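The values are calculated or read from the model by the stated rules, or taken from the named source; none is laboratory data. Small disclaimer: the values here were computed from a predicted structure and weren't measured. Please note that ligands, DNA and RNA were not included when accessible areas were found on the heavy atoms of the full protein model with its side chains. Shrake-Rupley method; radii C 1.70, N 1.55, O 1.52, S 1.80 Å.
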Amino acid sequence: MKTKHFCLIGLLFFGISYVLFSKVLPDIHSPIDFAHWFNLVGACFLGSFNHVFPKNKLNTVASFVTTLGVIAHIGLCTIDFIMSSFGENDAAREALSIQISNTPSILYPFIIVGPSLLFIGLAIHALNFIKTHLILVLMVVLAAPAIGFSFFALKNGVYMLVSCVVFLLGLGLLLFRKENLKAEIV
């Protein structure tokens, strides 16, 4: 398999996770937390974007930020798996939530800031194509913060899903963009 295929798998799994997070489908959370499993696998595969875009200084920064975002998603999903393991025990879930909120070394890198780094890193990768694929770059760059805004501020799963679809579509189209004829000849 080519690296682009790994990226495509990441886009697919990440997209499925956001369909499940958006609650537009009936909840299939029990007995397995499918949304977070799809998110975890998707985030890991999205790290493959570090290897498919042009190698330059921007790519170096984007790769570093994307890698931190993948690591943060792994941590976030781990925390969410632990939360879901409490089942109906809301008191235990609340106690863990309070403990995490009171532990900045977990709260910031794995809940507040870290997971956003995946979106930021992928958006930085997209900036490589701002001169040749402006619309696709705008799809990625504008949809990245819209995902977080719709989830945290609006608390609207449908807007979050639409933002994620735009983000993933932009990345997917950049992944399979047509190279210019000059580059194909060389």
| field | Projected-area average for the chain over all orientations - Cα convex hull basis, square nanometres | value | 11.6 nm²
| Tail weight of P(r) past 19 Å, computed on alpha-carbon pairs of segment 68-178, percent | 55 percent
| task | Note the per residue figure in Å³ for the convex hull of the C-alpha positions in segment 22-63. | result | 82 Å³
| remark: The pairs in K4/K55; K2/K57; K55/K178; K55/K131 lying past 20 Å Cα-Cα in this model are K2/K57
| query | Share of segment 79-118's accessible area from carbon and sulfur, percent, 1.4 Å? | reply | 63 percent
| Solvent-accessible area per residue for the chain (1.4 angstrom probe, square angstrom) | 57 Å²
| said: Which order do you get for R93, R177 if you rank them by accessible area with a 1.4 Å probe, largest at the top? | reply: R93, R177
| Considering only protein heavy atoms, what is the solvent-accessible area of S85 at a probe of 1.4 Å, reported in Å² to the nearest 10? | 90 Å²
